[in-house]
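Here's the structure, in structure tokens; my notes come after.
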Amino acid sequence: MRVSTKIIASIMAVFLLFSSLTAENPDVGESVEDAAEEVAEAIEEAAEVMEESIEEISDNVEDFDKNEYSDKNQKAYMGVYSKTLSLKDARELGYNEFYGILITKVVSGSAAEKQGIRPYDILMSIDGKKIYDDNSFSRFIDSYNTGDKVKLEFFSHGKIEIKDFVMGEREEKINYGKGNVTLFGRNSSKSKKYSTGYGGLSWIPVYFKTDLDDVNYLVKEFGFSKIDDSGIFLNGLGGKGIIGKSWFLGLMGVRYSNHARINKSVPDILKPGETVNVNRRMAFKMSYWGVTLDKRAALSRKFISSAGFMLGWGKYKLNFEQTYGELNWADLNEDFNSSYNNHIALKRSYILFQPKVMMMYRILSWLSVRAEVGYMASYSFKEGWSKISSGNSYEIKDSPNTDFNGLTFTIGPWFGF
């Protein structure tokens, strides 16, 4: 900034000098020789300033080259290309552990090549710290500097080896006009491809917003309190594994149940005009399960997103039971004929399709938190509800075509790598 100011000031001096000469001497022709001499002197002075400025710029570039990038604490560089180890790769190489990364390429002339690291070696740990994926490998490398000595544990050609390793450095040329400045360390301009993992298991809590008006109509008719349909909480288990190119295939299943019991007065069939007290029980169950397929994308080392769908099967089951008094073996036939002792089981089944998106945050290499939003769409092959008795299904006339549609939201842990 100081150099540029000198140059501009010199040019302005020439301009002002010429302007003043012209103003004082309207007849420029009479004093042109004197004016020319003074302008020439000003230009010569400006040239000297510019020459000094160029020398100063050159000195600054030299200092930049010598000092700015001669720091001894440069980030470590091994000189390998790697990927998160898949179960398929581990099986083909005869490797039986559940951690490590696969070396896919070794850079020519790098520290790794000079110290005997080869493609298809599996790097297991650095200084005793296990490596679970590309992300943990990058974090470990970032914690070392050029020249640091570490112990590498790796699997090579069927056996585990431990060797001392000295971290290297990488040189890259950046063009600054006529000269070059040599940078050491990692190339910050190169994009990093982060791992999406290769599978795991999860407890799946699901908040399901669906319409239960048809179910609640019948529940209230039998004397029970309505089921809260502001949001049904289902839970279950699920898992998935990578099948290639960040595509994951999995299975999942969740369920919900609601039980209630009441005492109710009903007309006495033996004594008209009188009532008897009976016990009634209600059980409402809903569940769904299916196959999932989704495509993941790693936004960073910590955040992973995905989009996909679930294709599966779901059902509602609604049971009502009524009993009166104690049951006696000798009187079972009479109890069977009595309207006091009854049981009815209702069911409605669906094919389900659920598109969904997910965001996952890695806390540890094996533990993450995942949040998922989806929409459940249903289709049933049969009209209305069915009654189930002795394993047989009977159509119930004029029963509603209750759907299984609604918004789903999930947040819970993910255990995997």
Between Tyr375 and Asn277, what is the label-point separation in nm under the 7 Å Cα-to-beta-carbon projection?
5.1
Between beta-carbons, use under 14 Å as the cut-off and find the net charge around Arg362, counting Lys and Arg +1, Asp and Glu -1.
+3
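Give, in nm to one decimal, the length gained when the segment between Ala330 and Asp211 is fully stretched (0.36 nm per residue of separation minus the Cα-Cα distance). It would help to have the intermediate numbers written out before the result.
Working: separation 119, 0.36 × 119 = 42.84 nm, distance 4.51 nm.
Going from the current span to full extension adds 38.3 nm.
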Taking 7 Å along the Cα-to-C-beta vector as the label spot, tell me the Trp313-Asn392 distance in nanometres, rounded to one decimal.
2.2
Glu321 to Tyr81: extension gain in nm, 0.36 nm per residue of separation minus the Cα-Cα distance?
79.8 nm
FRET efficiency, Ser225 to Phe353 (Cβ-Cβ, R0 41 Å, nearest 0.05)
0.80
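Going down the table (Lys271/Lys347; Lys220/Lys387; Lys226/Lys271), which pairs top 24 Å between alpha carbons?
Values: Lys271/Lys347 35 Å; Lys220/Lys387 19 Å; Lys226/Lys271 32 Å.
Long pairs (Cα-Cα over 24 Å): Lys271/Lys347; Lys226/Lys271.
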Amide H of Asp121: which non-local residues (sequence gap of 5 or more, or other chain) have their own amide H closer than 5 Å, using H built in the peptide plane?
Ile103
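If you place +1 on the Cβ of every Lys and Arg and -1 on the Cβ of every Asp and Glu, how big does the dipole about the Cα centre of the range 329-417 come out, in debye to the nearest 20? Before the final figure, lay out each step's value.
Numbers: 8 positive and 8 negative charges, 133 e Å.
Roughly 640 debye for the range 329-417.
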Strictly over 27 Å apart at the Cα level, which of Lys209/Lys245; Lys130/Lys302; Lys151/Lys240 would you flag in this model?
Lys209/Lys245; Lys151/Lys240
How charged is the neighbourhood of Asn216? Take every other residue with its Cβ under 13 Å from the Cβ of Asn216, and add Lys/Arg as +1 and Asp/Glu as -1.
-4
Can you compute 3J(HN,Hα) from phi for each residue in the range 360-369, using the Karplus curve 6.51 cos²θ - 1.76 cosθ + 1.60 with θ = phi - 60°, rounded to whole Hz and x for Gly and Pro?
10, 10, 7, 8, 10, 5, 10, 9, 9, 10
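Each reported figure results from applying straightforward, stated rules to the coordinates on display, with no laboratory input. Here the structure is a predicted model, which means the values were calculated and not measured. Note: ideal-geometry Cβ built from the backbone for every residue, glycine included; neighbour counts use all protein chains shown.
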